Amino acid sequence: MSDNRINASPLARHLAQQSGIELAQITGSGPNGRIIKRDIEAVRDGTVTLARPFASQAATGAESSGGPDDAATGQMHSGIMPALPDARAYYTPGAYDELPLDMMRGAIATRLTQSMQQIPHFYLTRSLALDALMDYRARVNLALAEQGEKISLNDLIVRACALALMDVPEVNVSFSGDAILRHHHADIGVAVALPEGLITPIVTRCDEKSIRAIGAEIKDLAARAAEKRLKPSEYEGGSFSVSNLGMFGIDQFTAVINPPQAAILAVGGPVQKLNLIDGDTVAQTQMRVTLSCDHRAIDGAIGAQFLATLAEYIEQPLLLSL
């Protein structure tokens with residue numbers, strides 16, 4: 001069989017030709033037995049011995065006519081969903097830069113893939129009136145100005161979520177196979193964007209902490225996350241998460257649940273709206289939030305109840321201080 005009939009990435013073919021290696025002698029380690037860059041390098045470096053892969057490849061449908069989709073034909077006909085082909089199969093070597101995954105990005109990719117594949121997500125979206133909360137924040141920051149402190153809109157949202165979780169404990173849960181774990185406190189992960197990826201350091205016992213304490217802890221966790229100084233206990237676990245992209249001009253989005261949690265709140269930015277209230281047209285600042293729920297642990301009505309409770313705290317912010 002010619003090398004052109006063997007399931008190999010373009011980069012692997014190029015390296016094999018440069019090194020005088022016959023693709024027919026190599027067992028691929030890529031998706032569906034595809035020969036990829038690391039296989040050629042392993043043979044070239046002498047870390048693996050050459051083998052005869054053809055019988056096993058033909059049996060699994062890994063032998064291909066050159067296209068990545070053909071490599072999976074045997075598995076697709078058998079009813080098994082194959083892995084996605086290596087993206088490098090579609091592009092010419094030299095037409096892109098290859099940036100190896102670091103441990104953090106690799107862990108994120110694995111965790112989020114598992115979450116979307118294994119957790120049945122459903123989404124609930126609600127618009128919240130934001131004017132009262134923004135006015136409350138302005139007054140609090142004015143009072144804190146002499147001390148050089150300032151609270152953010154996100155600090156208030158995290159505090160509101162913590163209180164709503166205590167009022168609707170059916171959302172403050174984790175699914176554990178044969179049981180649902182109902183947590184005693186609101187341990188809230190706050191999404192922090194880093195160049196290496198997204199991490200959600202956890203502010204523990206938010207239900208017992210003041211807005212100032214929550215804000216100070218978020219700043220500390222975010223700073224240490226940027227410096228890669230977080231302990232695993234500071235970003236693993238938790239009972240709920242908040243992901244806020246409002247500062248980037250995003251009006252609405254959905255977020256992927258962060259296991260072992262069963263829900264995450266995606267927060268959009270403030271938007272000016274004209275609304276009809278009691279027959280009058282009123283200018284109002286609104287914020288759209290979307291709750292992603294694990295349907296194994298949380299039902300739609302419970303998720304809706306949580307958002308209604310959250311709306312009370314956001315739209316009547318004095319309750320946040322009680």
Just a yes or no: is a residue in the range 312-322 surrounded by 17 or more Cβ atoms within 10 Å (Cβ to Cβ), within 16 Å of TYR123 (Cα to Cα) and touching a strand residue (DSSP E or B) at 6+ places or on another chain (Cβ under 7 Å)?
no
With criteria (1) crowded, with 21+ Cβ neighbours inside 10 Å; (2) under 25 Å from LYS209 (Cβ atoms), ASP294 comes up short on (2)
Residue check for ILE302: hydrophobic (A, V, I, L, M, F, W, C), in the same structural domain as ARG159 (by TED's automatic domain parsing), crowded, with 20+ Cβ neighbours inside 10 Å and not in a strand (DSSP E or B)
no
Take the residues in the range 177-192 that are part of a strand (DSSP E or B) and either outside the structural domain of LEU245 (by TED's automatic domain parsing) or surrounded by 15 or more Cβ atoms within 10 Å (Cβ to Cβ) (or both); name whichever of them is farthest from the chain's Cα centre (by Cα).
ILE180
Enumeration of residues in the range 162-176 that are touching a helix residue (DSSP H, G or I) at 6+ places or on another chain (Cβ under 8 Å) and in a loop (DSSP other than H, G, I, E, B)
VAL168, GLU170, VAL171, ASN172
Select from the range 206-239 the residues that are surrounded by 16 or more Cβ atoms within 10 Å (Cβ to Cβ), closer than 22 Å to ILE257 by Cα and charged (D, E, K, R) and list them in ascending order.
ASP207, GLU234
Test GLY300 against the criterion of being more than 24 Å from ILE202 (Cα to Cα), in contact with a Phe, Trp or Tyr (Cβ under 7 Å, 6 or more places away or on another chain) and either at pLDDT 95 or above or not aliphatic (A, V, I, L, M) (or both), and give yes or no.
yes
Considering the range 213-233 alone, what residues qualify as being part of a helix (DSSP H, G or I) and within 13 Å of VAL192 (Cβ to Cβ)?
GLU217, ILE218, LYS219, ASP220, LEU221, ALA222, ALA223, ARG224, ALA225, ALA226
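The values are calculated or read from the model by the stated rules, or taken from the named source; none is laboratory data. Keep in mind that what you see is a predicted model, and the values were worked out from it rather than measured. When we count neighbours, we look across all protein chains shown, and the Cβ atoms used for this are built from the backbone with ideal geometry, even at glycine.
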